[in-house]
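Undergrad: Structure below; questions to follow.
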Amino acid sequence: MNDETSRFPDTTRRRLLRGMALGSAAAGLGLWREPVWALATPNQSGVLAGKDFDLSIGRTPVNITGRAASAITVNGSLPGPILRWREGDEVTLRVRNTLAETSAIHWHGILLPANMDGVPGLSFHGIEPGGDYLYRFRVRQSGTYWYHSHSSLQEQAGVYGALIVDPLEPEPFAFDRDYVVMLSDWTDMDPHRLFARLKKRSDYDNLYKRTVGDFLRDAREDGITAAVADRKAWGAMRMSPTDLADVNGNTYTYLANGRRADDDWTGLFTPGERVRLRFVNGAAMTFFDVRIPGLKLTVVAADGQNIQPVEVDEFRIAPAETFDVIVQPERDEAHVVFAQAMDRSGHARITLAPRMGMRAPSPALDKRALLTMDDMGHGSHAMSTAEMSCGANMDHSKMSMPMSTPMQAHPASETGNPFVDMQTMSPTPRLDDPGIGLRDNGRRVLRYADLHSLQVPDDDREPSREIELHLTGHMERFVWGFDGIKFSDAEPVRLKYGERVRFTLVNDTMMEHPVHLHGMWSDLEDADGKFLVRKHSVSIPPGTKRSFRVTADALGRWAFHCHMLMHMEAGMMREVRVEE
Amino acid sequence: MRGALAIGLLLCMQSAFAQDHSQHAMPPSSPTTTDEHAQHREHTTGDDAPGDYRSPVLTDADRAAAFPDLHGHDMSAHMDDDPFVWMVMADRFEWQQGDAVAWEGTAWFGHDRGRLWLRSEGERERNHGTEANIEALWGEPVNAWWDVLAGVRHDISNERLGHHGQDWLAIGVQGLAPYKFEVQATVYIGEGGQSMLQAEVEYELLLTNKLILQPRIEATALGRNDAVRGIGSGLGEVDAGLRLRYEVRREVAPYIGIERAVRFGKTADFARAPGDDAHETRWVAGVRFWF
């Protein structure tokens with residue numbers, strides 16, 4: 001594209017962008033909305049559209065695994081109904097709680113006043129048993145989002161659903177069909193029992209640890225010296241390179257639109273049509289790797305924000321993220337939308353087909369990956385001697401690092417901390433890394449570096465200060481936190497209303513954490529500090545350090561946490577308090 | 001109608017991409033500091049200077065909505081990041097060759113920063129009656145891998161061997177040593193100035209993820225001879241065991257194994273006196289379980 005001729009004059013462009021952001025009433029709505037209401041196909045969960053909604057949270061008997069179990073649902077469905085709002089509208093949602101415990105609904109990624117955010121204990125007092133709460137706010141954005149309970153572990157039990165906000169301005173891409181693909185993980189277990197089990201035996205689900213047989217194979221393939229050195233390195237850290245998921249397919253049944261893989265949901269298309277798939281990861285603890293064999297995926301939005309379209313074969317979606325993807329199946333045949341768990345312990349799927357009853361086979365699960373020392377920001381050279389303990393008391397000064405990346409400093413609160421089992425040494429942003437298990441798989445995999453927002457943040461100020469927080473945890477004790485401090489022991493992060501700050505997150509654990517800031521956007525930066533994409537949930541893989549900018553223009557008390565539900569419950573959360 | 005729509009969309013798409021192009025789509029190879037500055041200058045030629053962003057002016061309604069009355073609630077009522085948790089585990093619960101029953105169990109109750117530990121170890125044998133102890137200790141984590149525990153131990157009386165129960169004060173450590181050795185070491189101070197050290201190391205070798213070989217070694221040393229209990233001063237006894245278990249599920253694992261007891265010095269003499277061997281090897285079969 002020719003830059004000189006296609007560029008808007010700056011003034012016009014900026015006005016247009018702000019106009020979109022503020023949602024000025026634009027004409028021509030009827031025109032573009034006409035073709036695309038394919039959401040209400042036979043199988044799709046109910047769609048509730050409009051300005052006024054009545055929602056009810058309650059217990060619902062379900063049978064997902066072949067055994068009777070009890071879910072907590074919104075309006076009796078799992079996932080909850082798809083809510084369809086329109087940018088600029090004032091929406092009213094009366095949420096009734098029929099449970100015997102307090103409940104709450106949080107509108108994930110939606111900008112709203114703090115008392116509408118739905119985090120009991122921060123934004124309001126929660127919805128008492130038998131009580132209700134009236135949420136009312138003006139919708140100032142558009143795109144694909146979701147909602148879920150923010151009370152206790154109810155999200156795991158079924159309180160989640162998709163949220164679509166139709167824009168006032170036409171969207172910069174065309175499509176003929178529009179489907180939500182809500183990915184999630186289900187267990188018949190009471191989520192509190194699952195949490196307690198993690199405290200007792202955090203590796204309960206890790207049935208993929210390396211065995212004596214694996215050692216013999218490695219010794220044969222890589223040589224005995226290398227195999228021993230590798231086992232020594234991991235043994236010295238008292239960790240396992242197979243720890244990719246705390247809870248996996250051993251416990252979970254993976255769902256897409258509330259359906260198991262063997263009973264999958266079908267979305268219809270006519271060959272040649274452009275199908276928009278709105279992927280939402282509503283799972284409590286599962287990263288999914290999604291692809292549609294035989295089709296290219298054009299990613300057009302991330303976390304509800306339109307991006308420069310990027311064509312890929314596959315993408316990883318962290319819990320709480322959303323991606324809008326357009327596909328164009330040309331032939332009269334079925335396709336499987338295949339979503340395998342990051343640790344390859346299972347998958348969810350839906351079918352896209354020209355007619356009901358058609359089905360395409362699922363591909364085999366990919367090979368399970370092993371974490372490497374590089375994955376954790378340790379560098380393979382240093383670890384090959386296996387002399388470092390990787391503990392919280394590690395003396396960095398005594399080690400020679402043959403790397404150019406500077407040694408990462410760590411907060412003093414991590415030193416000697418019983419709830420910090422490792423520290424990364426030389427983390428980098430690694431935005432161009434497809435992620436563990438997706439490297440060099442022969443497919444073009446979406447990376448954060450591929451995400452470029454179409455919309456420039458209104459606030460182009462340089463951040464006036466940087467807040468560095470380290471994601472920390474102890475796998476065995478199953479305690480998680482920031483800087484070695486869990487939520488209940490931590491002071492709020494205080495922001496001044498109107499300031500622009502840079503959050504830098506350093507992952508000092510061996511797990512990936514999708515970090516979600518309520519109430520405000522997280523403007524992800526690239527490695528050079530340039531704006532990349534606007535998100536509500538930024539995933540931080542082990543061994544990485546990633547930065548995003550935040551404009552503190554939302555007064556109040558906001559949750560800031562890892563969206564792995566059990567990590568949040570175990571303390572990986574902070575209050576971010578924006579004050580005048 | 002549709003055609004017009006498509007054209008409209010296309011135009012819109014183009015313009016949107018164009019915007020983006022001027023803002024972000026720098027080829028990865030080309031961004032230099034000059035380019036970066038150029039982009040910034042470009043911003044300044046617009047209607048606003050960079051850094052002029054102002055957050056909306058707040059009203060009293062905004063303030064009220066931002067800090068609502070929580071009716072006395074705080075987060076603790078809705079999220080418990082330090083719940084009360086408990087666990088009961090029988091690491092060994094077994095029949096031993098020679099018609100003996102032996103066990104080693106642990107239970108803990110509490111929170112992340114402190115737990116009450118109950119531990120018990122013992123065996124019941126036809127000729128010797130029951131040799132058993134129970135401990136109650138308070139344990140706190142001191143660093144990433146180690147807990148320190150302190151409490152009391154009671155050895156139950158044994159009529160057949162003719163000794164009464166004995167009480168000890170106990171202080172010890174337990175944790176995971178490098179290379180994932182599970183270690184437990186406790187010093188006991190008993191009545192009449194008797195002292196004892198017990199240390200135990202376990203390891204888990206995964207033949208498969210369900211078939212697990214567990215070597216275990218336990219050593220006992222005493223400060224003074226104890227003729228009644230048949231233990232001499234210094235290193236008295238070392239028990240080494242090898243158990244092969246199959247985890248039917250994580251919580252339940254039947255096993256078979258072999259255990260060898262080696263007695264040293266005075267302890268060996270005490271053992272020989274009634275005609276027993278100083279060393280003993282026994283087959284064992286049992287079940288490991290927890291809940």
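Undergrad: Considering only segment A:277-290, I want to know if a residue exists there that is outside any strand (DSSP E or B) and open to solvent by 20 Å² or more (accessible area, probe 1.4 Å).
TA: Filtering segment A:277-290 for residues outside any strand (DSSP E or B) gives A:282-287.
After this cut, where a residue has to be open to solvent by 20 Å² or more (accessible area, probe 1.4 Å) as well, the list is none.
Checked against the condition, which is being outside any strand (DSSP E or B) and open to solvent by 20 Å² or more (accessible area, probe 1.4 Å), segment A:277-290 yields no hits at all.
Undergrad: State the number of residues belonging to segment B:67-77 that are crowded, with 17+ Cβ neighbours inside 10 Å and within 26 Å of the chain's Cα centre (by Cα).
TA: 0
Undergrad: Tell me, please, whether a residue that is assigned to a loop (DSSP other than H, G, I, E, B) and open to solvent by less than 10 Å² (accessible area, probe 1.4 Å) can be found in segment A:303-310. Spell out the reasoning first.
TA: Here is the first cut: in segment A:303-310, the residues assigned to a loop (DSSP other than H, G, I, E, B) are A:303-304.
From what is left, the residues that are open to solvent by less than 10 Å² (accessible area, probe 1.4 Å) are A:303-304.
Checked segment A:303-310: at least one residue is assigned to a loop (DSSP other than H, G, I, E, B) and open to solvent by less than 10 Å² (accessible area, probe 1.4 Å).
Undergrad: Being surrounded by fewer than 19 Cβ atoms within 10 Å (Cβ to Cβ) and either touching an Asp or Glu at 6+ places or on another chain (Cβ under 7 Å) or away from every other protein chain (no Cβ under 11 Å) (or both) is the filter here, so list the residues in segment A:450-468 that pass it.
TA: Answer for segment A:450-468, where residues must be surrounded by fewer than 19 Cβ atoms within 10 Å (Cβ to Cβ) and either touching an Asp or Glu at 6+ places or on another chain (Cβ under 7 Å) or away from every other protein chain (no Cβ under 11 Å) (or both): A:P457, A:S464, A:R465, A:E466, A:I467, A:E468.
Undergrad: Which number in (1) buried (at least 17 other Cβ atoms within 10 Å of the Cβ); (2) within 14 Å of another protein chain (Cβ to nearest Cβ); (3) aliphatic (A, V, I, L, M) marks the one condition that B:M196 misses?
TA: (2)
Undergrad: Check off (1) in a strand (DSSP E or B); (2) surrounded by 15 or more Cβ atoms within 10 Å (Cβ to Cβ); (3) within 14 Å of chain A (Cβ to nearest Cβ) for B:E104 and give me the number that stays unchecked.
TA: Of (1) in a strand (DSSP E or B); (2) surrounded by 15 or more Cβ atoms within 10 Å (Cβ to Cβ); (3) within 14 Å of chain A (Cβ to nearest Cβ), only one is false for B:E104: (3).
Undergrad: Taking B:R216, is it surrounded by 15 or more Cβ atoms within 10 Å (Cβ to Cβ), within 18 Å of the chain's Cα centre (by Cα) and either touching a residue at least 12 places away in the same chain (Cβ under 8 Å) or over 21 Å from B:L118 (Cα atoms) (or both)?
TA: yes
Undergrad: Also, quick follow-up: So how many residues does segment A:472-508 have that are buried (at least 22 other Cβ atoms within 10 Å of the Cβ) and touching a helix residue (DSSP H, G or I) at 6+ places or on another chain (Cβ under 9 Å)?
TA: The qualifying residues number 9.
Undergrad: Give segment A:106-149 a look and list any residue that's away from chain B (no Cβ under 13 Å), in a strand (DSSP E or B) and either among the hydrophobic types (A, V, I, L, M, F, W, C) or open to solvent by 10 Å² or more (accessible area, probe 1.4 Å) (or both), or say none.
TA: Listed by number, the residues that qualify are A:W107, A:D132, A:W146.
Undergrad: Determine whether B:M87 is within 13 Å of another protein chain (Cβ to nearest Cβ) and in a strand (DSSP E or B). Write out each step before concluding.
TA: Working: within 13 Å of another protein chain (Cβ to nearest Cβ): yes; in a strand (DSSP E or B): yes.
Criteria met by B:M87.
Undergrad: Turning to a different aspect of this structure: Residues of segment A:71-105 being assigned to a strand (DSSP E or B), open to solvent by 10 Å² or more (accessible area, probe 1.4 Å) and among the hydroxyl-bearing types (S, T, Y), which ones?
TA: Here is the first cut: in segment A:71-105, the residues assigned to a strand (DSSP E or B) are A:71-74, A:77, A:82-86, A:90-97, A:103, A:105.
Restricting the remaining residues to those that are open to solvent by 10 Å² or more (accessible area, probe 1.4 Å) gives A:77, A:84, A:86, A:90, A:92, A:94, A:96.
Answer for segment A:71-105, where residues must be assigned to a strand (DSSP E or B), open to solvent by 10 Å² or more (accessible area, probe 1.4 Å) and among the hydroxyl-bearing types (S, T, Y): A:S77, A:T92.
The values are calculated or read from the model by the stated rules, or taken from the named source; none is laboratory data. For clarity, every value in this text was computed on a predicted model and none was experimentally measured. With ideal geometry, Cβ positions are generated from the backbone for all residues, glycine too; neighbour counts draw on all protein chains shown. For the accessible areas, the whole protein counts, side chains as well, though only heavy atoms, and no ligand, DNA or RNA atoms are used. Shrake-Rupley method; radii C 1.70, N 1.55, O 1.52, S 1.80 Å.
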